[in-house]
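The values are calculated or read from the model by the stated rules, or taken from the named source; none is laboratory data. The model shown is predicted, which means the values in this text are computed figures rather than measured ones. So basically every Cβ, Gly included, is an ideal-geometry build from the backbone, and we count neighbours across all protein chains shown. Side chains included, ligands, DNA and RNA excluded: accessible areas come from the protein's heavy atoms. Shrake-Rupley method; radii C 1.70, N 1.55, O 1.52, S 1.80 Å.
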Amino acid sequence: LARERQERIAEAEMEHLASFRKDEEEKLRAILGAKNLEMKDIPADGHCMYRAIQDQLVFSVTVESLRRRTAEYMQKHVDDFLPFFSDPETGDSYSRDDFLSYCDDIVRSASWGGQLELRALSHILQTPIEVIQANSPAVVIGEEYTKRPLILVYMRYACSLGEHYNSVKPLEAGAVGGAPPRLF
């Protein structure tokens, strides 16, 4: 009985998640459509943020290079990042050594990237990065740069593991709004 109960709870949670996912996708489709954009799927492999950035760039760069350059930048600018680096469970600040170890993990693992890494990438690329979300206003990181922003989509319910980043592409010609704009 306990196992059946757990299975029913897990099934209900999956249905609930699917509902959130569908709602999020519909909202994002509307937001992107208003900008003549559509989502471009990026694999959910722990590298999604870096792959979405890679997809937006007009020059060739590897995910490994983006990760290495991000870690190096963050290590060289510890004082800019450390105040915003804390334990997500407790909110307690991490030590400088914890932060440097985290930077090492950026290079050595498929650790997920977030706002700190996006800030570093914006500085490295000297380009703004706009992050579009379904239930919050878009966030622009690196507004001090004048280039056209790279555009990512942040999805809270995209996959069973949780958060995910996708890229965008111009809406197909003939779709809503006519000819697609040039992104770069």
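Could you go through the range 52-62 and let me know if any residue there is touching a helix residue (DSSP H, G or I) at 6+ places or on another chain (Cβ under 9 Å) and among the charged types (D, E, K, R).
no
Report yes if Arg29 is in contact (Cβ under 8 Å) with a residue 12 or more places away in the chain, assigned to a helix (DSSP H, G or I) and open to solvent by 80 Å² or more (accessible area, probe 1.4 Å), otherwise no.
no
Of all the residues that make up the range 106-117, how many are more than 16 Å from Ile141 (Cβ to Cβ), modelled with pLDDT of 95 or more and open to solvent by less than 70 Å² (accessible area, probe 1.4 Å)?
The total comes to 1.
All but one of (1) in contact (Cβ under 8 Å) with a residue 60 or more places away in the chain; (2) under 21 Å from Met39 (Cα atoms); (3) not small (Gly, Ala, Ser) hold for Glu117, so report the exception by its number.
Result: Glu117 fails condition (2) only.
Suppose we keep only residues that are of a type in the set (Asp, Glu) and out of contact with any Phe, Trp or Tyr (no Cβ under 8 Å at 6 or more places or on another chain) within the range 52-89. Which one would you say is most open to solvent (accessible area, probe 1.4 Å)?
Glu89
Restricting attention to the range 160-184, report how many residues are at pLDDT below 90 and either open to solvent by 30 Å² or more (accessible area, probe 1.4 Å) or not in a strand (DSSP E or B) (or both).
Residues flagged as at pLDDT below 90 and either open to solvent by 30 Å² or more (accessible area, probe 1.4 Å) or not in a strand (DSSP E or B) (or both) within the range 160-184 amount to 17.
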